[in-house]
Amino acid sequence: MTAIVAHAAPIRWWHSRAVYRFMRHHLALVGIAMITLLVLACAIGPYALAYDSLQIDLRARFAPPLSGNHYFGTDPLGRDLAARLLMAGRVSLLVGFSAMLLSTLIGTLVGVTAGYRGGWVGAALMRTVDGFLSYPSIFLVLALAATLRPSPVMITVIIAVTSWMETARIVEAEVRSLREREFVQAARMVGLSRRHIMFREILPNAIGPIIVAASLAVARAILLEAYISFLGYGIQPPMPSWGNLLNGAQQYLASAPWLAIIPGAAITIAVTSFNFIGDGLRDALDVRDDHI
Amino acid sequence: MGSGIQAVTPADVALSVRELSVSLPGGMERAHAVENISFDLMRGQILCIIGESGSGKSVTANAIMGLLPKVIRVSSGAVHLDGMNIVGLSPDKLRSLRGRVVSMIFQDPLSALNPLMTVGAQIEEVMAVHDVGTPKSRRSRAIDLLIEVGLPDPQLMYHQYPFRLSGGQRQRVMIAMALALEPAILIADEPTTALDVTTQAQILQLIRDIQRRKGMSVMFITHDFGVVAQIADYVVVMEKGRCVEQGGAEQVLKSPSHLYSRRLIAAVPHLTGKDRVPLHAADRVPILKVERLAKTYRSGSALFGKRRIVPAVNGVTFDLTSGRTLGVVGESGSGKSSLGRLLIKLMACDSGSILFEGRDIAGLSEAEFRSLRPKIQMIFQDPFASLNPRSTVGHILTVGPVAHGILYSEACERARELLSHVGLDSGAFDRYPHEFSGGQRQRIGIARALMFRPKLLIADEAVSALDVSIQAQILKLLDQIQRETGVSMIFITHDLRVASQICDEIAVMHRGQIVERGPPSQIFLDPKSAYTRELVAAIPGEQAGSMLEHAANP
């Protein structure tokens with residue numbers, strides 16, 4: 001029998017239609033640009049500025065933006081707001097990212113297990129998810145944050161523990177439909193273990209929805225951290241975070257509005273950018289007939 | 001090509017396609033979906049367009065109906081309907097033609113019917129959008145149509161929703177809708193492909209009857225030469241967007257002039273009625289003995305709502321010796337696929353025993369059975385769904401053996417060897433499944449099943465999703481593999497013609513039970529049970545089929 005040659009050239013991921021669709025989503029590209037800028041500014045910015053974020057200068061209290069080298073002005077203790085904003089960004093973005101990673105990990109584990117096992121294991125896991133969802137998550141977060149000693153790590157864990165459920169539900173539904181596909185039957189036929197089938201055969205096929213959920217989870221984690229810190233249960237001063245910068249600005253809203261507006265803008269930019277990226281990824285990846 | 005078209009008076013021609021070309025958007029594998037095709041559909045005739053997948057036959061139909069998607073355009077040529085060129089006609093004018101002058105029925109009657117409307121409402125809608133009749137007359141006309149297409153109890157049927165009907169009944173409803181406005185031309189795009197063979201025979205009969213009664217012209221698109229032999233007056237053979245041959249049905253079927261038509265006709269499987277020559281009969285050992293195997297599906301929750309109980313496999317008993325092939329044939333819902341899944345323990349059975357090499361595997365747990373898995377392997381139906389889209393072919397082939405403790409390097413060597421054995425080049429090893437065609441993927445599926453040197457191979461509709469020419473190649477490959485390795489095979493299929501090609505023995509399943517078992521000669525030439533007789537009689541084009549055979553091997 002003559003050999004049949006596959007004539008299609010290998011397709012690289014950046015040629016795929018998903019990437020093409022994402023590139024057409026202009027808002028998502030803006031989101032990527034903004035986040036890149038924000039991350040770079042927070043990473044490098046503090047070294048480039050003239051002032052340290054903790055350096056107190058009582059003579060320069062309440063300096064408005066663009067006075068001297070204080071680009072964003074100063075706070076009630078004369079600390080440079082630009083330096084504090086970027087240091088706060090490091091904390092907020094780090095908490096947001098880590099919380100997303102942790103919640104995606106928990107959600108994926110629970111979702112894949114529940115979706116593939118089904119039966120009473122799946123039912124028990126999904127009812128747990130429903131149980132978690134039935135608490136108002138802000139309430140849960142505040143209750144936990146009030147009783148546990150707040151530190152960035154603890155805040156991250158608290159946020160992750162209260163936000164993994166959505167990922168779990170998305171992954172469970174996806175895995176349940178993938179489980180019936182013939183390639184999974186074939187994997188069982190060649191005698192692969194259950195764990196191997198769940199995480200090596202099925203999971204890579206469910207990666208699209210997980211990435212979408214994760215990008216939206218970052219936005220939500222940043223917002224949640226801002227809530228908690230604004231209410232005083234989160235990151236504790238003097239360590240700055242976008243949330244507690246807002247908290248500190250409360251009483252000076254009339255006299256020094258920039259103290260609230262600038263961190264508020266940072267939160268808004270970060271959250272909307274992540275949401276744009278999430279929307280773009282959803283449009284790019286969530287197409288049923290395009291399982292490449 | 002042109003010699004096939006005789007000069008005809010325009011009055012005889014219902015539809016005339018002249019040098020029609022339809023271009024594809026850039027980046028596709030060819031520039032034209034159809035290229036420069038011409039044919040005439042005569043009044044009161046059935047014209048069959050036949051070709052394999054990707055030959056452009058459906059595009060031709062959609063071009064005539066003006067239903068092409070936006071990115072695919074008619075680049076040149078003309079379609080004359082009643083002396084009027086309908087290419088480039090405004091959407092409004094086309095819409096008024098559709099249904100009234102030309103109507104169409106589709107392959108999948110479930111997705112072509114609106115699930116939220118009753119059958120009656122859908123038939124009336126066709127008339128209402130063309131402003132035909134009054135609500136009352138439309139209603140009586142709808143009932144008449146339901147009677148005309150042979151649906152039982154039309155008054156009741158009128159109020160049914162599509163999901164309550166069987167596939168054949170849905171297709172009858174589609175035909176009723178297409179006939180609502182008494183069109184002069186009916187285009188049928190693979191209307192029987194999704195149906196069981198007995199249902200297919202009824203629908204073909206119905207289309208033929210209606211066509212004769214009304215003097216309609218029918219353009220019938222199919223990939224099945226059996227269907228062509230049964231109903232066609234005139235045949236157009238298409239390959240890769242070109243019309244390679246056309247002529248009267250008799251002429252094309254009996255003495256095809258083009259190489260491709262000849263190859264296509266030769267590839268069509270026929271009932272042989274001859275038994276296979278058994279291979280090395282001496283050292284035959286029993287490999288599988290199945291006794292009173294049963295499986296019942298239970299759906300719905302025990303707590304809420306009613307439970308549905310469907311017996312899928314009901315007391316099946318058979319045995320199989322080494323190096324032999326048992327065909328399991330039956331219509332959809334007969335339990336043949338469930339049987340396959342039970343044997344390979346992708347599903348647990350309720351009762352009965354499966355003695356594999358003398359050991360009962362029916363009651364084994366997944367962990368206990370794991371060491372036996374390599375000995376029983378399966379080839380799956382859908383070559384697109386059965387390979388993990390995120391894994392390379394190499395990974396797909398080696399992951400099983402590696403999980404069973406075989407060295408990766410050894411597994412790789414065997415995989416490359418098998419790939420070339422099943423007719424793929426060794427470069428396939430590092431590629432992903434989507435880079436291959438359906439037939440090539442099925443070869444990969446076969447290689448995967450052979451990685452372990454199994455004792456028993458279960459092929460579940462392994463060639464059903466493939467074109468006939470590819471089908472013939474895969475059947476030949478399976479036969480060759482069996483002769484080389486002496487593997488036993490269970491070949492599950494709905495197509496009796498395919499089963500007759502490859503099986504030593506055939507078991508006919510009906511409603512979860514084996515109603516008849518015997519060598520092909522008995523099943524096809526002298527069936528004992530009424531159901532088998534019905535199945536054999538329903539095979540399309542078999543009277544003509546024997547004729548074809550003589551033509552193919554003079």
When restricted to B:Leu387, B:Leu418, B:Leu407, the only residue at pLDDT 90 or above, within 30 Å of the chain's Cα centre (by Cα) and either more than 7 Å from chain A (Cβ to nearest Cβ) or surrounded by fewer than 17 Cβ atoms within 10 Å (Cβ to Cβ) (or both) is B:Leu418
Residue tally, condition among the polar types (S, T, N, Q) and not in a helix (DSSP H, G or I), over the range B:166-183 = 1
Give the residue, chosen from A:Val39, A:Val95, A:Val121, that is outside any loop (DSSP other than H, G, I, E, B) and within 30 Å of A:Arg194 (Cβ to Cβ).
-> A:Val121
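Matching residues to (1) of a type in the set (Val, Ile, Thr); (2) closer than 30 Å to A:Ala266 by Cβ:
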position: A:Trp120; (1), (2): no, no
position: A:Ala145; (1), (2): no, yes
position: A:Ser163; (1), (2): no, yes
position: A:Ala168; (1), (2): no, no
position: A:Ser177; (1), (2): no, no
position: A:Glu201; (1), (2): no, no
position: A:Ile207; (1), (2): yes, no
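Yes or no, residue by residue, for (1) within 27 Å of B:Val227 (Cα to Cα); (2) surrounded by fewer than 20 Cβ atoms within 10 Å (Cβ to Cβ):
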position	(1), (2)
B:Val132	no, yes
B:Ile143	no, yes
B:Pro152	yes, yes
B:Leu165	yes, yes
B:Arg172	yes, no
Pull up the range B:336-366, narrow it to residues that are outside any loop (DSSP other than H, G, I, E, B) and among the polar types (S, T, N, Q), then point me to the one that is nearest to the other protein chains (Cβ to nearest Cβ).
-> B:Ser337
Identify the residue in the range B:462-473 that is modelled with pLDDT of 85 or more and away from every other protein chain (no Cβ under 11 Å) and, among all such residues, is surrounded by the fewest Cβ atoms within 10 Å (Cβ to Cβ).
-> B:Ala472
When you scan the range B:54-165 for helices (runs of 4 or more DSSP H) that lie fully inside it, which ones turn up with 1 or more residues that are in contact with a strand residue (DSSP E or B) (Cβ under 8 Å, 6 or more places away or on another chain) and free of Cβ contacts under 8 Å to residues at least 60 places away in the same chain?
-> B:57-65, B:91-97
Quick count over the range A:196-209, residues being away from chain B (no Cβ under 11 Å) and modelled with pLDDT of 90 or more, is 2
State whether the residues of the range B:201-216 include one that is part of a loop (DSSP other than H, G, I, E, B) and polar (S, T, N, Q).
-> no
Answer yes if at least one residue in the range B:390-399 is closer than 14 Å to B:Ala449 by Cβ, in contact with a Pro (Cβ under 6 Å, 6 or more places away or on another chain) and either more than 8 Å from every other protein chain (Cβ to nearest Cβ) or outside any helix (DSSP H, G or I) (or both), and no otherwise.
-> no
Is there a residue in the range A:161-168 that is crowded, with 20+ Cβ neighbours inside 10 Å and within 14 Å of another protein chain (Cβ to nearest Cβ)?
-> no
Being farther than 16 Å from A:Ala88 by Cα and within 14 Å of the chain's Cα centre (by Cα), is that true of even one residue in the range A:252-273?
-> yes
Within 14 Å of chain A (Cβ to nearest Cβ), under 28 Å from B:Thr532 (Cβ atoms) and among the basic types (Lys, Arg): does that describe B:Arg373?
-> no
Reported set for the range B:227-269 where residues are part of a helix (DSSP H, G or I) and free of Cβ contacts under 8 Å to residues at least 60 places away in the same chain is B:Glu250, B:Gln251, B:Val252, B:Leu259, B:Tyr260, B:Ser261
Would you tally the residues in the range A:119-140 being within 23 Å of A:Arg220 (Cβ to Cβ) and either surrounded by 12 or more Cβ atoms within 10 Å (Cβ to Cβ) or in contact with a strand residue (DSSP E or B) (Cβ under 6 Å, 6 or more places away or on another chain) (or both)?
-> 10
Any idea which residue in the range B:432-456 is farthest from B:Ser391 (Cα to Cα), counting only those that are among the hydrophobic types (A, V, I, L, M, F, W, C) and within 11 Å of chain A (Cβ to nearest Cβ)?
-> B:Phe452
Before we move on, is B:His494 within 17 Å of the chain's Cα centre (by Cα), farther than 30 Å from B:Ile406 by Cα and more than 14 Å from every other protein chain (Cβ to nearest Cβ)?
-> yes
Note on the range B:477-523: residues touching a Gly at 6+ places or on another chain (Cβ under 6 Å) and of a type in the set (A, V, I, L, M, F, W, C) are B:Phe491, B:Ile492, B:Ala499, B:Cys503, B:Ile506, B:Met509
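So that you can scan it fast, the table gives a plain yes or no per residue for (1) hydroxyl-bearing (Ser, Thr, Tyr); (2) at pLDDT 90 or above:
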site	(1), (2)
B:Leu326	no, yes
B:Gly330	no, no
B:Ser334	yes, no
B:Ser337	yes, no
B:Leu343	no, yes
B:Ala348	no, no
B:Asp360	no, yes
B:Gly363	no, no
B:Ala367	no, no
Mind checking which residues of the range B:21-36 are surrounded by fewer than 24 Cβ atoms within 10 Å (Cβ to Cβ) and part of a strand (DSSP E or B)?
-> B:Ser21, B:Val22, B:Ser23, B:His32, B:Glu35, B:Asn36
Scan the range A:211-225 residue by residue and report those that are in contact with a Phe, Trp or Tyr (Cβ under 9 Å, 6 or more places away or on another chain) and farther than 17 Å from A:Val157 by Cβ.
-> A:Ser215, A:Leu216, A:Ala219
Of (1) under 30 Å from A:Leu66 (Cβ atoms); (2) part of a helix (DSSP H, G or I), A:Ala256 fails just (2)
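The values are calculated or read from the model by the stated rules, or taken from the named source; none is laboratory data. Note that the structure is predicted; figures quoted are calculated from it, not measured. Every residue, glycine among them, receives a Cβ derived from its backbone with ideal geometry; neighbour counts consider all protein chains shown.
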